[in-house]
1. Along the Cα-to-C-beta direction of R199, a point sits 7 Å from the Cα; which residues of segment 278-302 have their amide N less than 18 Å from that point?
2. Quick one: accessible area per residue over segment 232-319, 1.4 Å probe, rounded to a whole number of Å²?
3. Among (i) 22.5, 69; (ii) 27.4, 95; (iii) 22.8, 90, only one was calculated for this model; which label is it, if the read-out is Rg and Dmax of the Cα atoms in Å?
4. Just to be sure I understand: with springs between alpha-carbon atoms less than 10 Å apart, which residue in A191, A339, A361 has the highest mean-square fluctuation in the Gaussian network model of the chain?
5. If I histogram all Cα-Cα distances within segment 250-361 using bins 10 Å wide from 0, what percent of pairs lands in each bin?
6. Whole Å is fine, so just give me how far the alpha carbon centre of segment 332-375 lies from that of segment 166-231.
7. Please compute the length gained on full extension between R253 and D273, using 0.36 nm multiplied by the number of residues separating them and subtracting their Cα-Cα distance.
8. With charges set only on the Cβ (+1 for Lys and Arg, -1 for Asp and Glu), what does the dipole of the chain come to about its Cα centre, in debye to the nearest 20?
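The values are calculated or read from the model by the stated rules, or taken from the named source; none is laboratory data. All figures in this text were calculated on a predicted structure; none of them were measured in a lab. Ideal geometry is used to build each Cβ from the backbone, glycine not excepted, and the neighbour counts take in all protein chains shown. Heads up: the accessible areas ignore ligands, DNA and RNA and are worked out on the full protein's heavy atoms, side chains in. Shrake-Rupley method; radii C 1.70, N 1.55, O 1.52, S 1.80 Å.
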Amino acid sequence: MRVLFNGVSALKPKTGVGHTTANLHKTLVHLRPHDTFWLYPGAWLGAVAARALRPRPQKNPAPASRPRLRAVRGAVKAVAKGAYRTHFQTAARWGGFDLYHEPNFVAVGTPLPTVVTVHDLSVLLHPQWHPADRVRFHEHHFRRGIGKAAHVVVVSESVRRECVTVLGLDPARVTAVPNGIGSEFRPQPPAVVEALRRRRGLPERYLLSVGTIEPRKNLVTLMRAYCDLPPGVRAGCPLVVGGGWGWRSDAERAFYETEGRHKGVIHIGYVSDADLPALYAGATALLYPSHYEGFGLPPVEMLAAGGCVVASTATAVREVMGTHAHFVEPLDAAGWREAMRRVITEPDFADQLRRGGVEHAGRFTWERAAASTFAAYERVLGVARPTPAPAPSARAAA
């Protein structure tokens, strides 16, 4: 089988979709060495594109120049998108592929049978949490692309139900394939955790929140709840926030600057893949107050690292975590405050939340995700799997 696998989402500094794209592709290649999974745009062009997409230091142009600068950037972006689509379609037409897998919501139109991964429906269900250009793009392309897809892969049963009820998809066309987590997420040696603490200037104990800072992640509620804790409780366990300032994060930034940073909130910015396992392992608890998720990787990664989790009641998060978290309604500030107080001051409470977490997280492997994804490819292409021969009975063996 020759699969065209779109890897553009993994070229930029990785967040959720980029991580899943890279890990799923790597595992497919490992598990199916006799099949081909060509990661578009290839090694050479991918390296060039990754360098072009690397974040640059933010500058502050004079106000009069901003509209013109935005117009120029918009024009360049439109040209780049057009060139990308043309190049991708050419690769699909002449590459001798059997199937195209788009791991990032919206497929490029090609004559190939197409599998699309949908990570969540937040753009459709909650457009207020997304930039206007992303919402417009989804309105113009998402439903049409999903309608033409031969099969849709989703990352949880919660998203599968949404695809059936909101998009009206035939349940037989939608397969839930839970994400995996990397083997690097495991309990860490104390020396590794201590080295990260010293390098990043972290305290001995800290609460942790990770993820790009944007409205959906609900960080203002979390910071307010933390700042309302008694000073003595906060002094013993600061709140460390790992993640870059994302779209429409003005409210989060303003609260952090005016109150949070003065009451024990520490913003450390984007956290590299290499640092994340030790950051989890050193935390007293992971706090995950998101309004909505399709899966929610950080809570599972935290369990795998041996930690405890306080998470929101977002449907997919509850599905994925099962009984291995303490759940709080996203906007229940008092509930978040009390949960933080307990994990800081009640060791037995935190120990109870950790119990069985490593084993539960062990269910989510990229090997399992890759095998299920490949099975979806086979269904699309009508490849029949051989039926195992029945085991001989004891009587026949005798």
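1. 278-283
2. That works out to 32 Å² per residue.
3. (iii)
4. A191
5. Answer for segment 250-361: a P(r) of 14, 42, 38, 6, 0 percent.
6. Cα centroid to Cα centroid, the span is 10 Å.
7. Values: separation 20, 0.36 × 20 = 7.20 nm, distance 2.38 nm.
Gain on extension, R253 to D273, equals 4.8 nm.
8. Values: 50 positive and 32 negative charges, 289 e Å.
Here the size comes out at about 1380 debye.
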